[in-house]
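Here is the structure we will look at.
The values are calculated or read from the model by the stated rules, or taken from the named source; none is laboratory data. These numbers were taken from a predicted model, which means no experiment stands behind them. Using ideal geometry, Cβ is built from the backbone for each residue, glycine included, and neighbour counts are taken over all protein chains shown. Each accessible area value is taken on the protein alone, full model and side chains, heavy atoms only, with ligands, DNA and RNA left out. Shrake-Rupley method; radii C 1.70, N 1.55, O 1.52, S 1.80 Å.
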Amino acid sequence: MLPDIRLAIVINPDLPLGLIANTAGAIAIGLGARFPALAARQLTDREVRAIDISSNMPVPMLQADADTIRSLLLKALPQQGERAVVAFPAFARSLHDYREYEATFPDRDLAAEVIDGLGIAGPSKWVKSLTGSLKLLR
């Protein structure tokens, strides 16, 4: 894993609260799967109760409209090296079986899709260049 890593999750604030939470959760799972060292540890309290940690670094939740998120996605994808780009396209909500999502994905063009959320992780400078002007999700 990178010694100088930063991550961010960008969500469309116009989504209903439940969809914001679902989008953020799904993206976070994708980031953690790509970089398990972000959270693959346990901590134990003095009574020897162990928990799995949520993250060993901050996870800023930022906001942007769908067009901006799609633009960020298209700028992020060409980045080479150790990085993660986790998109949540809106069409995924209408599919209730991952196999169906996987089967229909190759026929889609991300440049033409509504993207509800985006998670990125990688070199700090790269993540800052993409997300530095975005506001926190409130």
>> If you count only protein heavy atoms with a 1.4 Å probe, what accessible area per residue comes out for segment 5-136, rounded to a whole Å²?
In response: 58
>> For a test of the definition: using alpha carbon positions, the gyration tensor, and the 1.5 limit on a/c, classify segment 44-89 as rounded, prolate or oblate.
In response: prolate
>> Only sites in a loop by DSSP and with at most 12 other Cβ atoms within 10 Å count here; which GluC sites (Glu not before Pro) in segment 31-138 make the cut?
In response: Glu47
> Going toward the positive end of the dipole of the chain, with +1 on Lys and Arg Cβ and -1 on Asp and Glu Cβ, which of Gly132, Val114, Tyr98 do you reach last?
Replying inline: Gly132
> When all protein chains stay in place, what accessible area (Å², nearest 10, 1.4 Å probe) is found for Thr104?
Replying inline: 40
> Percent relative contact order of segment 77-138, based on C-alpha pairs within less than 8 angstrom and at least six residues apart?
Replying inline: 45
> Between His96 and Leu136, what is the spin-label point distance in nm, taking each point 7 Å from the Cα along the Cα→C-beta axis?
Replying inline: 3.8
> Radius of gyration and Dmax for the chain's Cα atoms, expressed in Å?
Replying inline: 15.8, 53
> By the scheme Lys and Arg +1, Asp and Glu -1, what is the net charge of all other residues having a beta-carbon under 13 Å from that of Arg6?
Replying inline: +1
> Rounded to the nearest 0.05, what FRET efficiency do Val114 and Gln80 have when you use their Cβ-Cβ distance and R0 = 25 Å?
Replying inline: 0.40
>> Explain nothing, just the number: relative contact order of segment 1-116, from Cα pairs under 8 Å at least 6 residues apart, as a whole percent.
In response: 32
> Placing +1 at every Lys and Arg Cβ and -1 at every Asp and Glu Cβ, with all other atoms neutral, what dipole size does segment 5-136 have around its Cα centre, in debye to the nearest 20?
Replying inline: 620
>> Test of understanding: in a Gaussian network model of the chain with alpha carbons linked when under 10 Å, which of Ala24, Ala90, Ala121 would top the mean-square fluctuation ranking?
In response: Ala90
